[in-house]
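Down below is the structure, laid out as structure tokens.
The values are calculated or read from the model by the stated rules, or taken from the named source; none is laboratory data. Bear in mind the structure is a predicted one, so any value in this text is a computation, not a measurement. Counting neighbours? That spans all protein chains shown, and the Cβs are built from the backbone with ideal geometry, glycine included. With ligands, DNA and RNA removed, areas are computed over all heavy atoms of the protein, side chains included. Shrake-Rupley method; radii C 1.70, N 1.55, O 1.52, S 1.80 Å.
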Amino acid sequence: MRFTEAAGASLRSVPAPNPSPEGKGKSRAYRPDALVAADIHAYLGAQAAKSMLRFITCGSVDDGKSTLIGRLLYDSRAIFEDQLETLEADSARMGTQGTALDFALLVDGLAAEREQGITIDVAYRFFATPARKFIVADTPGHEQYTRNMVTGASTADLAVILIDARKGILGQTRRHTYLANLVGIREVVLAVNKMDLIGHDRNTFDAIVADFRSFANTVGIDRFTAIPLSGLTGANVAEPSPAMPWYTGPALLGHLETVSVDGDRDRDRPFRLPVQWVNRPDLDFRGFAGLVASGTIAVGDPVRVVPSGRTTAVARILGPDGERATAMAGESITLLLADEVDCSRGDVIAAAAAPPQAADTFAATLVWMAEATLVPGRGYLMKLGTQTAVATVSAPRHVVDVNSQTERPADTLRLNDIGTVELRTARPLVFERYADDRALGGFVLIDRMTNATVAAGMIADPLRRGGDIHWQSHDVTREAHALQKGQSPRVLWFTGLSGSGKSTIANLVERELHALGRHTFLLDGDNIRHSLNRDLDFSDAGRTENIRRVGEVARLMADAGLIVLTAFISPFRAERDMVRAMLPPNEFVEVFVDTPLAVAEARDPKGLYAKARAGEIASFTGISSPYEAPIRPDLHIDTTTEIAEAAARRIVEHVIGVWSHEL
């Protein structure tokens, strides 16, 4: 359908041909709602008032997901005239359905998808009927694209799980069913597709439904709606089909129009507004903007800001159209509070009587989505709602075999693995269990170097409850410790290859600072390995945990007012950034002791390079394990042009000149 502006009028519709699946024809024309031509504003208002259903189609390869979506778009009149013309041309050129239309081409847009006849990426499509608006995600069927399926399912209210009536339940059917339940989809449609290819046989349909029910019960799905259909012919897609008189249930589209969605249930839960933005255009206005995740709110209602715990009341509610008295889940609003309370992006404004929890340690399920494997102990960015914090991830407790639902031990997570882990965040985060609230229970992990999303996660439980363990306040603060010592605490982090001279320079710096009356402590890599970290190996995970522990010790010493010097290879940027994030701004100073590998290897004071070259030491930095040099270190020491004593004096001058407490 195409809309053109009529002279002196609003809009009129231009009918478009409606070819039947078997060929071209003009038996019916696509016609818009009559209200479009009569009153476009009333039409748009009616559309805005409709509820929205997000759903996915999933299942195994060649079960007909893309074809079904194309058919839904076609039968719901969501295809425009130029799209029909393109579809006709593409169908004739591809020849996959003979002279009939290939509805999958409406969804499969990538060249590789059309060439192979499969879905690779997630394709989103919007359409609407008189009863409801829809966003559908066509997700890939191949196991290697499981991460793409999880992406599409993460925001869906309903899953349409397709099964080829000729093949029955396959491994990927089970995998997608398990994943749909895992990400919190509670409404499931079992669409037994291609019924036309088995003569619309009822016995085959009943057998498939029985097999699926038996499997669904094992993964926690206790109810689903089974519909026999054909995406190609349209049988039971938009209207009941006379070809299957034995089926008396709804057609797929009718079911989608009437099924209850999460948005309806969200309104019955306690109020939650994750703050996205503090709107402060002038001194007299301070509003907190965000999308209402759950519940309802009215002017005058008592609210609590989490995690601070401060309580106040709602003074005003502003929506897109101005002042309003109430708001509910799914609406974007700005709240003005009765009192001046500390509230910023990442905080959650909640019902005062039923606030969410805040914690810094969680048990969670991760779906690993990156080619690079999980490095336990490495710091990743955890994005939960509007909150972002550095999180370290433990080695998985186990990995789930989706096909058999069995658990197997694992020391890491690889692409498409699903595992249970523990996470520790640098600060408490406001959360809900994922089973209770997807908005505050679902999160992603982001690689801090590449900014790539590496995992999707679901919080199961906090491991330390805010009500059980509290931060203990002390009368003698870190500021008081520093004032007593007459200095500002800092952590000097010396990094470089083995044999670069880190320990030598760090020792000279501490000796000179001590002579100047400064209070210091030197943490050396080898010494720590003999004591605190003697249980750790030299794998990537072991090295990451080594640096995390040293960082925590250095932070505690800085809290005591000391200038802490550390001499560690610390080969990974992400781990050095993790320690930086533990400290207040400007307290972490990265000192890059830059020595070329050839020079460090020529020195080889401990004979380690020779052993590494001989294969006697595995994962040796610079030989069999990488060293990620600092990109912008706070201090750069080139040991090929500057002797150790001169470098030490320069570092000391930097410490005294910039950080002297008296300044």
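Observations on the structure shown:
- Residue match in the range 372-381 (condition: under 30 Å from residue 333 (Cβ atoms) and crowded, with 24+ Cβ neighbours inside 10 Å): no
- Enumerated helices (runs of 4 or more DSSP H) restricted to the range 141-258, each holding at least 3 residues that are free of Cβ contacts under 8 Å to residues at least 40 places away in the same chain: 202-218
- In the range 303-337, of all residues being under 23 Å from residue 52 (Cβ atoms) and acidic (Asp, Glu), the one that is surrounded by the fewest Cβ atoms within 10 Å (Cβ to Cβ) corresponds to 321.
- For the range 525-540, filtering for residues that are in contact (Cβ under 8 Å) with a residue 40 or more places away in the chain and open to solvent by 30 Å² or more (accessible area, probe 1.4 Å) leaves 3.
- No other residue among 511, 518, 534 is of a type outside the set (Val, Ile, Thr) and closer than 30 Å to residue 374 by Cβ apart from 534.
- Among the residues of the range 225-260, the one identified as closer than 18 Å to residue 153 by Cβ and crowded, with 18+ Cβ neighbours inside 10 Å is 256.
- Yes/no for residue 444 being surrounded by 23 or more Cβ atoms within 10 Å (Cβ to Cβ) and of a type in the set (Val, Ile, Thr): no
- Residue ID - surrounded by the fewest Cβ atoms within 10 Å (Cβ to Cβ), chosen from residues in the range 643-654 that are within 46 Å of the chain's Cα centre (by Cα) and of a type outside the set (A, V, I, L, M): 653
- Listed by position, the strands (runs of 3 or more DSSP E) enclosed by the range 337-440 that each have at least 1 residues that are polar (S, T, N, Q) are 357-368, 387-393, 406-408, 418-431.
- Any hit, the range 559-566, residues being out of contact with any Pro (no Cβ under 6 Å at 6 or more places or on another chain), open to solvent by 10 Å² or more (accessible area, probe 1.4 Å) and either in a helix (DSSP H, G or I) or of a type in the set (D, E, K, R) (or both): yes
- All conditions but one from (1) out of contact with any strand residue (DSSP E or B) (no Cβ under 6 Å at 6 or more places or on another chain); (2) among the polar types (S, T, N, Q); (3) more than 24 Å from residue 577 (Cβ to Cβ) apply to residue 412; the one that does not is (3).
- Applying a threshold of 6 Å to beta carbon distances and a minimum spacing of six or more residues, or different chains, the list of pairs starting in the range 432-452 at a residue that is more than 26 Å from residue 577 (Cα to Cα) and ending at one that is aliphatic (A, V, I, L, M) and part of a helix (DSSP H, G or I) reads 432/440.
- Matching residues in the range 501-544 - criterion: being over 21 Å from residue 622 (Cβ atoms) and part of a helix (DSSP H, G or I): 507, 508, 509, 510, 511, 512, 513, 514, 515, 527, 530
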